[in-house]
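Colleague: The structure's right below; bear with me while I get my questions together.
Readers should treat all values here as calculations from the given coordinates under stated rules, not as data from a laboratory. On a predicted model such as this, the values are computed, not experimentally measured, just so you know. Here the Cβ positions follow ideal geometry from the backbone for every residue, glycine too, while neighbour counts run over all protein chains shown.
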Amino acid sequence: MQRDLRLDNVGRRYGLRGPWVLRAVNLAIAPGTLTRVEGANGTGKSTLLRLLAGIDAPTEGRITGRPRTAYVPERFPSALPFTAVGYLTHLGTVHGLSRASATRAAHACLERFGAAAYARTPMAQLSKGSSQKVAVAQALLAEPEFLVLDEAWTGLDEDARAELERAVAERTAVGASVVFVDHDPSRLAGVPDVICTVRDGGVNRRTEHPTSPAAGPRTVVVAQGPRGGALPAETAGLPLTTLEETTAGTYRITVPASHSDVLLRALLMSRPPWHVVAVGSEETP
Amino acid sequence: MTALFRYQTDLLVRSQRWLPPFILYAVFLAVGVQSGQPILDSLGYTAAALLPVAAWLVRICVTNEPAAARGCVSAAVGPGRAHLAPLLVALTAAATLGALATVLVTLISDPTSADRQTAVPRLPAGASGLLAALVCALLGTAVGALTTWPLLRSTGRAIPAMLLTALLSVVVTGSPARAAVSGLVTGSRSGTVPLPLLPLAGAALFTAAATALACALSSRRSP
């Protein structure tokens, strides 16, 4: 059983006499939760993420219970003397994969984000967006238990942005926790379990109500299950927007588009499996 | 740690930044060592010249990885190990270079004492030279680790500090490097091969402490 990642009275300042960037932060990140970190520029969001990822040690207080962590920085340099796949293979082995499975995961990850054509391209020749795809791939390829995304969507093309949202949904569905910062308020809107606001060196935590109206695109799934039954247990953690039983045993389920694959997988993999009647994107009213 | 070591080694080899210190070392040796000179003197010179080269290699290895890429590695394995890996790679590179040079110098030098009166056996002399080179590689790694990020961040301060400290560690009494090198030089005068085990132990301890300090600070200072 995975423990919470806990921050107890954590403070961080740079230098011996620098001003406190963060002070007296108490936070627990439970497995399987998605946390959004908000705050104006320069309030310490990145510092909080670096503390969570374990890159920086807190100046005071303590952080306990860190699972296997992966981190995507806000700007990823391409000044590395490797090809994309060469770098990813190295990072995969650093994350604990064997060399063969790291290479396989590297190719699969690049393909997933539409960068398979750049697998053998030297990193120095990659565009900003393509090197951001490499940064995202290095974090996802070893299936981490805790994923920290510092504006990871910046610079990605539209397909890759949606793919990253789906990857986040997948990670949380298998019990990994994800923390992210993004300046686009519609990013994974309605999905986060927790929203943390960084202001004046403190972190204000509030749990998001799953009923709040989601702003982003949504997917409608019509599925049939046992009569009078409930949705399978696998869907328990999903941020369902609406759920209505249209006829006996037939349900119309609306989820944020990022979570449609996870929902379908949960329905089809449940025992006994549900039958999916129709899948479509919700018409904008 | 093996994966991390391979990653950092590949980074150093492919970056080609190892080339300038290697060339500098070759120039040092070309100037100071000629075939037919007394073996222990030449080995002392070979070892002493390795110290600044090792320090420079540490600087290259530590600054080779962009901060964001180091962040990715730090999140996976912890910042301490992420910093230990480049230090170990630099030490290995310096020790390998020193060993190659020592073997070469052992082969081309004259196996006699400085006054050419006493014969100095080639093999023990070479072994002693290897130990002295290792002492200098270790101490150079310590100098490099203490004069680069995370201890000194600005290049303008770090490079003069590194050069000065490297020079001082070769000449100041009490330094293991100076003890190892002067052991070879005095041994050359008397025609006896020294065994610099005490300097080696001292250098190993000091380097371990310097490495531990640098690794501990790597999560506490900003990039």
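Colleague: Kindly express, to the nearest 10 degrees and within the range 0 to 90, the angle between helix B:2-15's C-alpha long axis and the longest C-alpha principal axis of chain B.
Modeller: Value to nearest ten degrees: 80.
Colleague: Moving on. Compute the long axis of helix A:260-269 from its Cα atoms, compare it with the longest principal axis of the Cα atoms of chain A, and write down the angle in degrees, 0 to 90, nearest 10.
Modeller: Compared with the principal axis, the helix lies near 60 degrees.
Colleague: So, one more: Which far-off residues, 5 or more places away or on another chain, put their amide H under 5 Å from the one on A:ALA152, with H placed in the peptide plane?
Modeller: Counting only residues 5 or more places away or on other chains, the set is A:VAL181.
Colleague: Could I have the simple spin-label model distance between A:VAL277 and A:ARG252, label points 7 Å from Cα toward Cβ, reported in nm to one decimal?
Modeller: 1.0 nm
Colleague: Go through the range B:200-213 residue by residue and turn each phi into a ³J(HN,Hα) via Karplus (6.51, -1.76, 1.60, θ = phi - 60°); whole Hz please, and just put x for glycine and proline.
Modeller: Whole-Hz 3J(HN,Hα) from phi for the range B:200-213: 5, 4, x, 5, 5, 4, 5, 5, 4, 5, 4, 5, 4, 4.
Colleague: Near the amide H of A:VAL277, under 5 Å away, which other amide H atoms are found, from residues 5 or more places off or on another chain, if H is placed in the peptide plane?
Modeller: The answer is A:VAL222, A:ALA223, A:GLN224.
Colleague: So for the pair B:ALA119, A:ARG227, with labels modelled 7 Å out along Cα→Cβ, what separation do we get in nm?
Modeller: 10.7 nm
Colleague: From the phi of every residue in the range B:27-43, what ³J(HN,Hα) in whole Hz does the Karplus formula 6.51 cos²θ - 1.76 cosθ + 1.60 yield, where θ is phi - 60° and glycine or proline is x?
Modeller: For the range B:27-43, the Karplus-derived couplings read 5, 3, 5, 4, 6, x, 10, 10, 5, x, 7, x, 5, 5, 4, 5, 5 Hz, x marking Gly and Pro.
Colleague: Please identify every one of the chymotrypsin sites (Phe, Trp or Tyr not before Pro) in the range A:78-168 that sits in a loop by DSSP and has no more than 16 other beta carbons within 10 Å of its own beta carbon.
Modeller: Hits after loop and neighbour filter: nothing returned.
Colleague: Moving to a separate point now. Could you check which residue among B:SER113, B:SER188, B:SER35 shows the biggest mean-square fluctuation in a GNM of chain B with a 10 Å Cα cutoff?
Modeller: B:SER35
Colleague: A follow-up question, please. Using θ = phi - 60° and the Karplus form 6.51 cos²θ - 1.76 cosθ + 1.60, what ³J(HN,Hα) does each residue of the range B:96-111 get, whole Hz, x for Gly and Pro?
Modeller: Couplings: 5, 4, x, 5, 4, 5, 4, 4, 4, 5, 4, 6, 8, 7, 8, x Hz.
Colleague: Would you please give the residues with an amide H less than 5 Å from that of A:THR219, counting only those at least 5 places away or on a separate chain, with H modeled from the backbone geometry?
Modeller: Hits under the 5 Å cutoff: A:VAL255, A:ALA257, A:GLU282.
Colleague: Need one word for chain A: rounded, prolate or oblate. Basis is the Cα gyration tensor (sqrt eigenvalues a ≥ b ≥ c); a/c below 1.5 gives rounded, then a/b vs b/c decides.
Modeller: Verdict is oblate for chain A.
Colleague: What's the FRET efficiency of A:ARG75 with B:ALA201 using the Cβ-Cβ distance as r and R₀ = 41 Å, to the nearest 0.05?
Modeller: After rounding, the FRET efficiency stands at 0.35.
Colleague: Right, something else. Going through the range A:169-271, which trypsin sites (Lys or Arg not before Pro) have at most 11 other Cβ atoms within 10 Å and a DSSP loop state?
Modeller: A:ARG227
Colleague: Describe numerically, in nm with one decimal, the distance between label points set 7 Å from Cα along Cα→Cβ at A:ALA116 and at A:LEU268.
Modeller: It is 1.9 nm.
Colleague: Considering only A:ALA108, A:ALA84, A:ALA139, give the residue with the highest GNM mean-square fluctuation for chain A, with springs between Cα atoms whenever their separation is below 10 Å.
Modeller: Of the options given, A:ALA108 has the highest mean-square fluctuation.
Colleague: Compute the signed sum of charges (Lys and Arg +1, Asp and Glu -1) over the other residues within less than 14 Å, Cβ to Cβ, of B:THR165.
Modeller: Neighbourhood net charge equals +3.
Colleague: What is the angle, in °, between the Cα long axis of helix A:158-173 and the longest principal axis of the Cα atoms in chain A? Nearest 10 is fine, range 0 to 90.
Modeller: It is inclined by approximately 80 degrees.
Colleague: Still on this model: Using a ≥ b ≥ c from the Cα gyration tensor of the range A:65-190 (square roots of the eigenvalues), is it rounded, prolate or oblate, where a/c under 1.5 gives rounded and otherwise the larger of a/b and b/c decides, a/b for prolate?
Modeller: oblate
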